[in-house]
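Here is the structure we will look at, set down as structure tokens.
Each reported figure results from applying straightforward, stated rules to the coordinates on display, with no laboratory input. This structure is a prediction, so every number in the text was calculated from the model and none was measured. When we count neighbours, we look across all protein chains shown, and the Cβ atoms used for this are built from the backbone with ideal geometry, even at glycine.
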Amino acid sequence: MRHIQSTVLYRWFNDVWNQDDENAIDRLLAADARAYGILREDQPRGPEGFKGFFREFRSQFHGIHVEVEDVISQDGVESARMTVTATHTETGKQVIFPGISMAYIQDGKIAQAWNSYDFLSMYQQLGQTLTPVP
């Protein structure tokens, strides 16, 4: 039986997002960590870079809850499957979208993370559509 609550990724989503604990970013993210799929290449690495994303997302959404449905952990790599629920602050619309994160864990912290969230579904729930660029 897996104990997902003992994994770094479970603590990350629970502490950072569900508990709204910005200080947990410093505790759980390595100083030079990369967050692929979340941050651009030109953004700072580590906690300071991620805090920019965290603050921006929090300014656009409230009532954020990440339900970690499963985590697999082996040989310093963790992979989590989750569902994000949040309320868009401007419109009051609730969004629900899935995501997957895979992270390399080093010294009890996330050293690198690869993230894939269904942001298309999130934007569609907000009534937004994609327009092809000519």
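Taking amide H positions as placed 1.01 Å from N in the peptide plane, with prolines and chain starts having none, which residues 5 or more places from Ile105, or on another chain, fall under 5 Å of its amide H?
It is Val77, Glu78, Ala111, by chain and number.
Along segment 31-44, what does the Karplus equation 6.51 cos²θ - 1.76 cosθ + 1.60 (θ = phi - 60°) give for ³J(HN,Hα), rounded to whole Hz, x for Gly and Pro?
Residue by residue, segment 31-44 yields 4, 10, 5, 10, 10, 5, x, 10, 10, 6, 4, 8, 7, x Hz.
Which of Met102, Tyr117, Pro132 sits farthest toward the positive end of the charge dipole of the chain, with +1 on the Cβ of Lys and Arg and -1 on the Cβ of Asp and Glu?
Pro132
For the residues Glu69, Glu22, what sequence is obtained by ranking on other C-beta atoms within 10 Å, fewest first?
Glu69, Glu22
Over all distinct Cα pairs, what is the inverse of the mean 1/r for the chain, reported as the Kirkwood hydrodynamic radius in Å?
The Cα-based Kirkwood calculation yields 15.4 Å.
For Arg45, what residues show an amide H to amide H distance below 5 Å, using hydrogens built from the backbone and excluding near sequence neighbours?
none
Could you give the dipole magnitude of segment 4-125 about its Cα centre, charging the beta-carbon of Lys and Arg +1 and that of Asp and Glu -1, in debye to the nearest 20?
140 debye
Given the rule -39500 (n - 2.57) for each run of at least 4 DSSP H residues, summed and divided by the residues of the chain, what is its mean residue ellipticity at 222 nm, to the nearest 500 deg cm²/dmol?
Mean residue ellipticity at 222 nm (helix-derived): -6500 deg cm²/dmol.
Could you tally the net charge around Gly127, taking each other residue with its Cβ under 14 Å from the Cβ of Gly127, Lys/Arg +1 and Asp/Glu -1?
Taking every other residue near Gly127 into account, the sum is 0.
Mind sorting Tyr104, Tyr10, Tyr123 by how few other Cβ atoms lie within 10 Å of their own Cβ, fewest first?
In order of increasing Cβ crowding within 10 Å: Tyr123, Tyr104, Tyr10.
Give me Phe50, Phe57 sorted ascending by neighbouring Cβ count inside 10 Å, so fewest comes first.
Ascending Cβ contact count within 10 Å gives the list Phe57, Phe50.
Going toward the positive end of the dipole of the chain, with +1 on Lys and Arg Cβ and -1 on Asp and Glu Cβ, which of His65, Phe50, Ala30 do you reach last?
Final value for the positive-end residue is His65.
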